[in-house]
1. Report the far tail of the P(r) of the stretch 504-723, meaning the percent of Cα-Cα pairs longer than 33 Å.
2. Okay, helix-only estimate at 222 nm for the chain: each DSSP H run of n ≥ 4 adds -39500 (n - 2.57), divide by all residues, round to 500 deg cm²/dmol; what do you get?
3. Label the stretch 182-229 by shape, choosing from rounded, prolate and oblate, from the square roots a ≥ b ≥ c of the eigenvalues of the Cα gyration tensor; if a/c is under 1.5 it is rounded, and otherwise prolate applies when a/b is larger than b/c, oblate when it is not.
4. As an exercise, take the mean of 1/r over every pair of distinct alpha carbons in the stretch 540-583, invert it, and state the Kirkwood radius in angstroms.
5. May I ask you to work out the translational diffusion coefficient for the stretch 171-324 at 25 °C, viscosity 0.890 mPa s, via Stokes-Einstein with Rh from the Kirkwood sum over Cα pairs, reported in whole µm²/s?
6. Using alpha-carbon pairs under 8 Å, 6+ residues apart, how would you state the relative contact order of the chain in percent?
7. For a quick protection proxy, order the peptides 419-427, 237-245, 135-143 by their average other-Cβ count within 10 Å, most packed first.
8. Quick one: check the C-alpha center-to-center distance for the stretch 660-731 versus the stretch 312-328, whole angstrom.
């Protein structure tokens, strides 16, 4: 322990933190010097941060002399940093990192040119601060291995079946009569025929709008093209409809979201793509819950029962269902599985409904080994030595000796490759380049850089161009790296990256974890929910594309809306079902992440809001101020559903606790500011009290002050204050990118490099794309 640290502990800390009963639960006398202990390291980092920010000693205690404080901070920083860098030199900053379930699915898709869902066959990955790819949190158990085997077998079954069977894709065109119920007199939940169109009325009746004739004959991806128009639409907007898939029976009630559209008076053709399991069908119905909802007796709908109720509806003119393969056509599958190996028809092909192929009998064992080598090279994401390939060659040879079937031998060898650690884990050998070139960290080799970059930006294995650049050892060239970033997030690549990154960074993966209480939030529905998610995605995409300054993350004069979301927000004049950029009125409370419905929903529980939960979320995800767990001795705040006390009254108790005050000075400002938005993301001036109906509760008070004492009178002023803290916002954004891109939390020893990343973008006003590029070029990203 540095002498300067000992001096501070003895002279300035012991008086208040002398034992287990010390203030804030901190016992300075028991603080050890073994930084290999995670708890000791975390405590020292906490002590350093509190002193650096001037939070310790507190205002009512004797302050530190500037020289003493500087000596402590310098010595402690050097001590912690040098200790961590020494550990990094031995083990690396990021240790063994396994592919997440989603990364595994996408890797198998790209490796085999298949497209079936695989992630559902494994348990969900644990999340640490929202991220699923943190190496230190990844376990490998018998259950995990079994799940991995199930995924590999499912992927290989699909690939070999597609490669060896020559089937025609399922295509079905439907007229309105074929879309409607087969018996017009039968009361059921299928569309009815009316004036030559198949019609579904607005109703909450479950499965109403199911289309039996769209039932698919086998699992697969399907493109559904429908031409539809509105029936009896409201004067000021169309009829918003949902598209879902499912078995549509009471025994299998779960439905899968596909999309939504706004039907208008004129018939318009729209196309949707979805994975549909065998036996499931499409359900299309009015999904706008602000429409008048029809009532039908007995849980069924008879022809002519909707018209007298003056309901809005959707009318189908025609529809087409066609099987597709987004992962690649059959030639691509065969190329990945067999390369140049020749295929021929099997002997019993004439007796089979589908033509079955097999490897040509003239294929030699040498050719099989060459193909195995090519497959292993792609699967391991780097060149494979003879020694590394030998175990799989032995499996191939043994299988050929046992049954002589080259297909089975090849499949068994592939299975072994896909169950090896070299495939399951991101193997990251280091470069022979001197470590001193990148701040005493051990540099990755080019193939490891290719994998790290590809999984960061695409969530999958490197493609052919990255492999080529890795072989040429060009991926440590900054210009080459940035050109690859441009390429990988060009076109639809950026959309995928933003969706992946924000699902974890902003918790958008939890968008449908809760459903707002329909009695409290009757205007909320699945159409709104998915539009809110799309709004946030398009917003972040735009900020990256324009290299917008980081303050735009929380403050802007635009957002992305369609007519349904605009109505939900109370914004007039927006038409159409496509998201479009909308300029906001001056003084609007919409604009920036914190006012977007998706963010407001994932930070609430569907019924009530909590300034504490939202405040902690903003501190951690936006401001870069992680809040430690509350002391066990302090009880949690339960909402007062009777409305007798405001949340402010309840939080006063917490702020009066010494051990709570320092954290609540950071939590409460954003928490109170966001109280102007309810649990569904709508603006409110008063709380709503539930019980027998809805009634107006106490007035919302969103005013407060920041931790440094600067006051604000509401959300808009709070947003302005934090938007001006550009460096703080940029630092947090860079840190979240680094965590997501490397699979390890930001260590104390990383802080200096993070500051360099942020400072390097100051001339661009901390542009968000500039920050992304600086992260990729940083020693943290390019090191073990």
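1. Result for the distance tail: 14 percent.
2. It comes out at -12000 deg cm²/dmol, rounded to the nearest 500.
3. Prolate is the answer for the stretch 182-229, as a/c is 1.5 or above and a/b outweighs b/c.
4. 11.4 Å
5. 161 µm²/s
6. Relative contact order of the chain: 12 percent.
7. 237-245, 419-427, 135-143
8. When both Cα centres are located, 44 Å separates them.
Where a number appears in this text, it was derived from the coordinates with a stated rule and is not lab data. Predicted model only: the values in this text are computed from it and were never measured. We place every Cβ from the backbone using ideal geometry, glycine too, and count neighbours over all the protein chains shown.
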